[in-house]
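Here is the structure we will look at.
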Amino acid sequence: MFRPARTSAPLALVLLVTGVGSLADTPLPDAATSSLFWTQDERIVGFRNFDVIYTTRAIDHGTDFLPLRSAPADFSEVAYRVGGEAFSVDDYLKRHFVAGLLVVKGDRILLERYRLGHDETSRWVSYSVAKSVTSMLVGAAIADGYIENLDEPVTDYLPRLRGSAYEGTTIRHLLQMASGVAWNEDYTDAESDVAKAGAANGTVLFDYLAGLPREAEPGTRFNYNTGETNLVGSLLRAAIGNNASSYLATKIWRPLMEHPATWTITENVETGGCCIHATLRDYARIGLFALRGGVLPDGTHVLPEGWMLESTTPSAGSPRYGYLWWLREEGAYSANGIFGQMIWIDPKAEVVIVTHSAWPAAGGGELSEHRSALTNALYRRTLAVD
């Protein structure tokens, strides 16, 4: 997925940042090879060091952060079933190369597990979890008056797309993955659109997208499209007159987060559809911020009133998708990234479940089935915790 980058770090650095078994001998992946096609060992090493391999912009944290207190609950009896077979939490962690799993209820950490040389200070690539963060930043830009409303045409902010299939497409359509413009998101195909332009930004992105045909009327058909979420990032930058990392730091990171983060950039622009690198606990704080409606502990409303409810309402194109959020049962929703990254949120019970993972494949099928079953089992256990 990502090609423009710094040179790989020396092996000495790799030894410092991996520090687990045979992985200590695994050099950082070659930045010229798409991360979609790294080997399993390269994924584990590379996902923890994504912001060493690729060019990033810093996301600063502040002196205060949202406190989370340790209150371990017993999850030893939690089990889930797939294909008639029972699996434990440990089975899932081992089979799916999970580096970190965290379950938070309110301000309490009920379960926190680290593996593969990972710990509470380790950053990990988010992949498409970043899409949901970008969606919240669009909400913040509306609250700040930089964007008037979601029904404004995309071409008002990105005039280079005038005359293309994006004529008539609104910001809302982009957030709902329903522009109607053709796009192939096949992670296994080196010739797919996502493999060719999934990390593109700037004029490279605009020119690539402008060359794609329209397949449906805007707003009528869901089609998952990472390129367009990078386009949302470019639109955000045009609206606020600043980079997304600085805006994220000001609006969310400094008031809430314990550790600094980074965001991958190409053409000097954050990839709105991918690749914020943050710790597991700060992933959880993103979830807590979302379920609390984008209100900071001091009462500051970062997001417009009702924004998260609107963001997690089914769209005309898909009953399972809102504004760059996946919608789950009974009002739950999630930010999902390929290779198993996740922030799962239930606002009613104030439960957040997060994972840092290096799945053996991008996702779908049995991998996603296991994750869904485990998440449901973990959630049911949290409901029994007072």
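The values are calculated or read from the model by the stated rules, or taken from the named source; none is laboratory data. As the structure is a prediction and not an experimental result, all values here were calculated from the model. FYI the Cβ positions are ideal-geometry reconstructions off the backbone, even for glycines, and counts take in every protein chain you see. Calculation scope for accessible area: heavy atoms of the full protein, side chains included, ligands and nucleic acids excluded. Shrake-Rupley method; radii C 1.70, N 1.55, O 1.52, S 1.80 Å.
With K and R counted +1 and D and E -1, the other residues having a Cβ less than 14 Å from that of residue 259 yield a net charge of -2. For region 128-142, backbone phi angles converted through the Karplus equation (6.51, -1.76, 1.60; θ = phi - 60°) give residue-by-residue couplings of 6, 4, 4, 4, 5, 5, 4, 4, 5, 5, 5, x, 4, 5, 5 Hz, Gly and Pro being listed as x.
Close amide H contacts of residue 184 (hydrogens built in the peptide plane, cut-off under 5 Å, sequence separation of 5 or more or a different chain): 193, 194. Of the residues 169, 87, 200, the one whose Cα sits farthest toward the positive end of the charge dipole of the chain, with +1 on the Cβ of Lys and Arg and -1 on the Cβ of Asp and Glu, is 87. Rank 323, 53, 301 by how far each Cα sits towards the positive end of the charge dipole of the chain (+1 on Lys, Arg Cβ; -1 on Asp, Glu Cβ) and give me just the farthest. Checking the options against the dipole of the chain, the answer is 53.
Counting only protein heavy atoms and a 1.4 Å probe, the chain has 37 square angstrom of accessible area per residue. Evaluated with a Cβ-only charge set (Lys, Arg +1; Asp, Glu -1), the chain carries a dipole of roughly 340 debye about its Cα centre, given to the nearest 20.
Under Stokes-Einstein, with the Kirkwood radius over Cα pairs as Rh, the value for the chain at 25 °C and 0.890 mPa s is 117 µm²/s.
Could you work out which residue, out of 127, 208, 166, moves most in a Gaussian network model of the chain, that is, has the largest mean-square fluctuation with Cα springs under 10 Å? Of 127, 208, 166, the Gaussian network model singles out 208 as fluctuating most. Straight-line reach from residue 105: taking Cα to Cα under 16 Å and skipping same-chain neighbours fewer than 8 places apart, the lysines in range are 348.
With θ taken as phi - 60° and the Karplus curve 6.51 cos²θ - 1.76 cosθ + 1.60 applied, the whole-hertz 3J(HN,Hα) list for region 100-117 is x, 9, 9, 10, 10, 10, x, 10, 10, 8, 8, 8, 9, 10, 10, 8, 6, x Hz, x standing for glycine and proline. Using the Cβ-Cβ distance between residue 372 and residue 217 with R0 = 45 Å, the FRET efficiency computed as 1/(1 + (r/R0)^6) comes to roughly 0.90.
Neighbours of residue 183, meaning other residues whose beta-carbon lies under 12 angstrom from its beta-carbon, give a summed charge of -2 when Lys and Arg score +1 and Asp and Glu score -1. The simple spin-label model puts a point 7 Å past each Cα toward its Cβ; for residue 70 and residue 192 those points are separated by 4.0 nm. For region 262-386, the carbon plus sulfur part of the accessible surface works out to 52%, probe radius 1.4 Å.
For residue 147, what is the net charge nearby, where nearby means another residue's Cβ is under 15 Å from its Cβ and Lys, Arg count +1, Asp, Glu -1? Charge balance near residue 147 sits at -3.
Highest mobility in the GNM of the chain, judged by mean-square fluctuation with C-alpha springs under 10 Å and restricted to 314, 72, 347, is found for 72. Comparing 340, 293, 241 in a Gaussian network model of the chain where C-alpha atoms under 10 Å apart are linked, the largest mean-square fluctuation is found at 241. Quick note on region 190-315: its Rg to Rh ratio, both from C-alpha atoms and Rh being the Kirkwood radius, is 0.99.
Protein heavy-atom surface of region 61-147, 1.4 angstrom probe: 45% of the accessible area is carbon and sulfur, with nucleic acids and ligands not counted. Its relative contact order, with pairs defined as Cα atoms under 8 Å and 6+ residues apart, puts the chain at 23 percent. What FRET efficiency comes out for the pair residue 94/residue 148, r = Cβ-Cβ distance, R0 = 56 Å, nearest 0.05? For R0 = 56 Å, the calculated efficiency reads 0.65. Quick note on region 117-262: its Rg to Rh ratio, both from C-alpha atoms and Rh being the Kirkwood radius, is 0.99. Along the axis of the charge dipole computed for the chain (Cβ charges of +1 for Lys and Arg, -1 for Asp and Glu, origin at the Cα centre), the listed residues 249, 99, 32 are led at the positive end by 99. Applying a DSSP loop filter and a limit of 15 other Cβ atoms within 10 Å to the trypsin sites (Lys or Arg not before Pro) in region 281-386 leaves 292, 320, 348.
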